[in-house]
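Novice: Following this message is one structure expressed as structure tokens.
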Amino acid sequence: MASQPIKPGSRLRQASWAGALSLALGLFLALTFHVNAIKSEVRLAERKIIRLEREKLLLETEFESRASQRQLAEWNAVDFGYVAPRTGQFLENTTQLAMLAAPLRADAPAPIRVARAAPPVEDDAGPLGDWVSPLTGQPMAEEASDAVAAGARRAAAKGAQALAERLAHTNTADAAAGLVEDAAAGLVEGAQ
């Protein structure tokens, strides 16, 4: 088989296609970079617009507050006449304040008086000191304090004994049952 001769037009055609593709790729890259540069400029411009809008809002607020201060100062000067307090206007104590009061006129109403009860005096017996037991006829404060003290002694002794028993048990079920029994016994004794 004989080789065919290379046609000079076909190499030129291939080179022209390669050049056209390279030119298209170069233009595409240049256009992409240009678009990205414009997008960056737009973002910077948007940020600057937002910053300027915030600054404008701040300046408008400050202008309005200063204008209202000026208006309030004008109203004060014309209508109210308020001034800042001077050092001579302060009083040292309530006696000086009372000296400034005008004397009562003859037709003035009587001053308002507030009733005030003395706080109750607690004696050693407590709130049950005046109560008397209907069964024994003795004051309940003594019985109550005796009953509370006796109950506390019994509970402390029973609690110490129950704790020693629980610590001696190794079975947790027995210990839990002992706790329930001790609690039930304490409730029954407390009710009596």
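Novice: Quick one: which residue in P120, P127, P103 is more than 20 Å from D146 (Cβ to Cβ) and at pLDDT below 70?
Specialist: P120
Novice: If the requirement is being at negative phi, surrounded by 10 or more Cβ atoms within 10 Å (Cβ to Cβ) and over 40 Å from the mean Cα position of the chain (by Cα), which of these qualifies: L97, L72?
Specialist: L97
Novice: What are the residues in segment 52-82 that are at pLDDT below 80 and not in a helix (DSSP H, G or I), if any?
Specialist: Scanning segment 52-82 gives a single hit, G81.
The values are calculated or read from the model by the stated rules, or taken from the named source; none is laboratory data. Please read these numbers as outputs of a predicted model, since none were measured by experiment. Quick reminder, even Gly has a Cβ in these numbers, built from the backbone with ideal geometry, and neighbours come from all protein chains shown.
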